[in-house]
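Okay, so here's the structure we're looking at.
The values are calculated or read from the model by the stated rules, or taken from the named source; none is laboratory data. These numbers come from a predicted model, not from an experiment. Cβ placement follows ideal geometry from the backbone for every residue including glycine, while neighbour counts extend to all protein chains displayed. Surface areas here come from the heavy atoms of the whole protein model, side chains and all, with no ligands, DNA or RNA. Shrake-Rupley method; radii C 1.70, N 1.55, O 1.52, S 1.80 Å.
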Amino acid sequence: MNLNPNAVNYAHQTGHDSGETRQLLQSLLWNRHDLPSLEHSRLYQHQEGFTLTGTVVASLDTQPLHCSYEVKTTSGWKTREVRIHLSNGTKEQSLHLKQDEDNRWWSSGTELRSFAGMNDIDLGITPSTNTLPIRRLQLKPGESASMIAVWIQFPSLTVSPLPQRYTRTGERSYRYESNNGAYQADLEVDEHGLVTKYADVWSRTR
């Protein structure tokens, strides 16, 4: 995400719309401290890779906001698809992005050429998508890596490229930077790479 307690291991099997079987790895709540916001997020594993789902209820720009999202990845944590449904005040919006086997991004049948080759989605309303590059990059303590993410801003759902850098500062801690260091945040994560603390912005309540 850009602003710009130990994990519970669930051995739960659940069906999916496509009929695939998914194992629920983690179910959690995040509380945001700079504005009224609560999120319930889940991480699943399935035959094709992983899926992150979440529901965010917040007050943003003086308007009530409800957002649901689903992000699908490969087994190597490359993002393949994201679906978002957003209700902000009296306005409702949806966004569906998909990446093909040639690493080209598409939206409603239109190719987003400027995002070709980008592997990560960054949803600006949640810390859940920090997990994607953390797991994909597999950094060792002391190592750093830079990339450009497909950044989705809220509540506009504007999509733009965002340069980012991750440095693994400890066994379960990272330094996140975006816009060439203009924004920085220290992250703590669990064994799944899910954020437990995001600077002073988010913390996990369970």
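If the condition is being surrounded by 16 or more Cβ atoms within 10 Å (Cβ to Cβ) and either of a type in the set (G, A, S) or in a strand (DSSP E or B) (or both), then the range 149-171 contributes A149, V150, W151, I152, V159, L162, Q164, R165, Y166, T167, R168, T169.
Listed here are the residues, each with its yes/no results for (1) on the phi < 0 side of the Ramachandran plot; (2) not β-branched (V, I, T).
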| residue | (1), (2) |
| --- | --- |
| V82 | yes, no |
| N88 | yes, yes |
| W105 | yes, yes |
| G109 | no, yes |
| I121 | yes, no |
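Of all residue pairs spaced 6 or more apart or on separate chains, those with beta-carbon atoms under 9 Å, a first member in the range 68-80 that is more than 15 Å from R42 (Cα to Cα) and a second member that is in a loop (DSSP other than H, G, I, E, B) and aliphatic (A, V, I, L, M) are T79/M118. Among the residues of the range 172-199, those identified as modelled with pLDDT of 95 or more, part of a loop (DSSP other than H, G, I, E, B) and open to solvent by 80 Å² or more (accessible area, probe 1.4 Å) are R172, E191.
Where in the range 1-47 are there strands (runs of 3 or more DSSP E), lying fully within it, with 2 or more residues that are modelled with pLDDT of 50 or more?
21-32, 37-46
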